[in-house]
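Below is one structure, written out as structure tokens; comments come after it.
The values are calculated or read from the model by the stated rules, or taken from the named source; none is laboratory data. As the structure is a prediction and not an experimental result, all values here were calculated from the model. Because the Cβ atoms are built from the backbone with ideal geometry, glycine has one as well, and the counts that use them run over all protein chains shown.
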Amino acid sequence: MIKSSAQPEAWLGWMGSLADPMRLRLLRLLERQELGVVDLCDVVQSPQSTVSRHLKVLSDEGWVRSRRQGTAHLYRLLLDELDPPARRLWVLAREQTDDWSAVHQDELRLARRLRERDVETQAFFAGAAAEWDRLRDGLYGRSFSPAALVALLPREYVVADLGCGTGQMLAALAPVVKRVIGVDNSAPMLKAARKRVEAFGNVELRRAELEALPIEAGQCDAALLVLALTYVANPAVVLGEMARVLRPGGRGVVVDLLPHDREDFRRQMNQVHGGFDAAAVEQMMRAAGFAEASVRVLPPEPEAKGPALFLAVGTMGPAA
């Protein structure tokens, strides 16, 4: 690792190797866990050539060490092996990156990657059980599991899908509840939704802004706001409208993006907001009128290329 030296070139080398956001993200990950290039590419969502180039810089400057495992190399930063001045420099750099949204996204993807490792290890020993899962998915697909969960909703429910888009959720809900109301401000989206749900007689589609829902107060048992909040200018107003249309004891569900620093992604998707902090969402829901509100982070899916998501659930209080 880094050898003790008071020479200016040593300090310049250390600071130069830390003067890159990607290398700082990699070091934070490698301080927590020994990882290979494939793991790191998945977590930081960068190509192998980019990650390997940064790892070479970090290895040359002595920040990380590697060991061979089969055909792969595993990398690790061991804080205790750093020279004391270098250790202090890294601790300062780590503290200054604690609030980076990219770092938080990396932590979520690392947690998911490590869970997958554990699953793979368990599957190796499980044998027949793992084979059954693969066989079941191959024979029957995976969509029946969400369908079974949706079917748990009470049959008499009236559900509002706010920002319904092309009607994917409408089509899933219509067979199992009494009535579904889809609201969206886009005529092309509603046209696609209308085609998707034309076989169902219990779906109503209404064009409107989410800040002023064309639904009477207390008319719905549940309301969904899935990947729509980042598109509205006044999220607090929209959450207030969601609460307004729910009956006492009704539940509102919000799924949307956690904070991220991918400005290109936000522009590409034409989103107003670059994600929401979980605590802020909970506070907005309570201020909107929900007696109870909770938010949890959803594990990123391996094939997902966008920012990580949260799931928020709010429950209205009893009638006054």
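Quick notes on this structure:
- Filtered by the rule that a residue be touching a Ser or Thr at 6+ places or on another chain (Cβ under 8 Å) and either under 22 Å from Pro21 (Cβ atoms) or assigned to a strand (DSSP E or B) (or both), the stretch 61-99 gives Glu61, Trp63, Arg65, Ser66, His73, Leu74, Tyr75, Arg76.
- Every residue from the stretch 75-93 that is of a type in the set (A, V, I, L, M, F, W, C) and in contact with an Asp or Glu (Cβ under 7 Å, 6 or more places away or on another chain): Leu77, Leu79
- Subset tally (residues that are within 12 Å of the chain's Cα centre (by Cα) and modelled with pLDDT of 95 or more) for the stretch 277-294: 0
- Test for Leu246: is it in contact with a Cys (Cβ under 9 Å, 6 or more places away or on another chain) and touching a residue at least 60 places away in the same chain (Cβ under 8 Å): yes
- Pairing residues of the stretch 11-25 that are part of a helix (DSSP H, G or I) with residues that are of a type in the set (S, T, N, Q), at Cβ distances under 8 Å and at least 6 apart in sequence or on separate chains, gives Met22/Ser46; Met22/Thr50; Arg23/Ser17; Leu24/Thr97; Arg25/Thr97.
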